[in-house]
1. Based on this model, can you work out whether I34 counts as touching a strand residue (DSSP E or B) at 6+ places or on another chain (Cβ under 9 Å) and assigned to a loop (DSSP other than H, G, I, E, B)?
2. Answer with yes or no whether R95 is within 16 Å of the ligand (Cβ to nearest atom), of a type in the set (D, E, K, R) and touching a residue at least 60 places away in the same chain (Cβ under 8 Å).
3. If I ask for residues that are among the hydrophobic types (A, V, I, L, M, F, W, C) and assigned to a helix (DSSP H, G or I), which ones from segment 37-59 would you list?
4. Would you mind telling me which numbered condition in (1) loosely packed, with under 14 Cβ neighbours inside 10 Å; (2) within 24 Å of L273 (Cβ to Cβ) F19 fails?
5. Here's a check for you: in segment 68-92, which residue that is free of Cβ contacts under 8 Å to residues at least 24 places away in the same chain and part of a loop (DSSP other than H, G, I, E, B) is nearest to H47 (Cα to Cα)?
6. Those residues that are within 11 Å of the ligand (Cβ to nearest atom), in contact (Cβ under 8 Å) with a residue 60 or more places away in the chain and β-branched (V, I, T), I need them from segment 170-205; list them, please.
7. Among the residues of segment 125-145, is any in contact (Cβ under 8 Å) with a residue 40 or more places away in the chain, surrounded by 15 or more Cβ atoms within 10 Å (Cβ to Cβ), more than 30 Å from G263 (Cβ to Cβ) and within 16 Å of the ligand (Cβ to nearest atom)?
8. Out of all the residues in segment 217-247, which are over 24 Å from R139 (Cα atoms), more than 16 Å from the ligand (Cβ to nearest atom) and either buried (at least 16 other Cβ atoms within 10 Å of the Cβ) or touching a residue at least 12 places away in the same chain (Cβ under 8 Å) (or both)?
Amino acid sequence: EKVLFNDKMIDRENASFSFDDRSMYFGDGVYEVIRVYSGHPYKLEMHLQRLQRSADELDIPYSIKEKQSLKKSVMELIDTNNLNGDGYVYLQLSRGATARDHLYERHIEPFIFAFTKEMETPLNQQEQGIAVYLTEDIRWLRCDIKTVNLLGNVLAKRQAADHDCSEAIQHRGDTVTEGSSSNLFIVKDGQLKTHPADNLILNGITRQVVIDLAEKQGLSVSLTAFTTEEMLEADEAFITSTINEITPIIEWRGTKHGMMKIGPITKQLQSELQADIE
Ligand code: PDD
């Protein structure tokens with residue numbers, strides 16, 4: 001199995017990281033998870049654009065335009081590893097390696113790596129729905145940047161698992177933001193609602209695709225924040241992500257409790273998304 005290591009394709013066993021990589025000391029790096037369906041990357045262009053935006057926001061000097069080869073490298077990695085079925089590509093860009101110092105210098109060379117992984121679509125969860133755990137959003141105020149600094153997210157995910165839930169849904173006070181590794185939609189009286197793409201959430205690629213598909217179906221999507229009460233009183237709710245696609249929520253636990261049924265709009269969007277993938 002090969003991994004992408006800067007501009008080279010090398011054996012995974014030979015891939016060793018610098019002791020001084022800043023993503024290790026400071027979480028000083030950004031990443032993307034790109035789905036692969038039947039050997040083809042899904043929405044690769046959008047992911048690479050978001051990676052560029054994350055790098056720009058963190059002042060990491062990396063230009064994907066100049067390095068058009070990145071797109072080629074990702075495709076090559078999928079081919080080399082014979083990922084013909086379903087899976088994903090993990091791509092990480094670190095500010096680079098230098099003696100530990102909070103102050104970063106702009107001349108350090110960024111470091112990029114990627115690996116592929118086979119993965120089946122979690123159909124069971126998509127058909128049966130999941131229980132989610134409500135918890136306070138303790139993350140920083142730039143959740144729009146896809147950084148590898150994910151402590152708030154990993155603590156929330158562990159909390160959810162400890163309560164037999166598959167995902168954590170985070171809220172800042174009364175306002176619901178997003179999952180620990182997914183975005184959240186609710187449906188009330190036929191209208192969809194999801195948090196606006198501001199600094200409090202990651203603007204998910206799946207979120208953007210779902211908004212687009214919904215609007216094409218003539219459904220109205222309101223990009224406005226909602227409260228935990230509104231969420232529990234919704235008719236339907238689902239999470240979206242590259243890994244989970246569209247997964248319905250059937251139970252709420254944590255700071256508030258409630259049950260929910262999988263509804264027709266969730267199912268309609270699930271089949272629209274499948275059609276878009278195929
Ligand atoms: N996570 N919000 C957060 C905090 C996320 O980490 C993710 C994705 C999303 C959904 O974004 P997208 O639709 O582009 O996958 C929303 C990835 C899958 C991960 O960290 O593994």
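Quick note: the coordinates plus some simple rules give every number you see, no bench work behind them. As the structure is a computational prediction, the values presented were derived from the model and not from experiment. Note that we place each Cβ from the backbone using ideal geometry, even for glycine, and neighbour counts take in every protein chain shown.
1. no
2. Details: within 16 Å of the ligand (Cβ to nearest atom): no; of a type in the set (D, E, K, R): yes; touching a residue at least 60 places away in the same chain (Cβ under 8 Å): yes.
When the stated conditions are applied, R95 does not pass them.
3. Within segment 37-59, the first condition is being among the hydrophobic types (A, V, I, L, M, F, W, C), and the residues that meet it are 44, 46, 48, 51, 55, 58.
Correct list: L44, M46, L48, L51, A55.
4. Among (1) loosely packed, with under 14 Cβ neighbours inside 10 Å; (2) within 24 Å of L273 (Cβ to Cβ), the lone unmet condition for F19 is (2).
5. The selected residue is Q68.
6. Within segment 170-205, just I205 meets the criteria.
7. yes
8. Q217, L219, S220, S222, E233, A234, D235, E236
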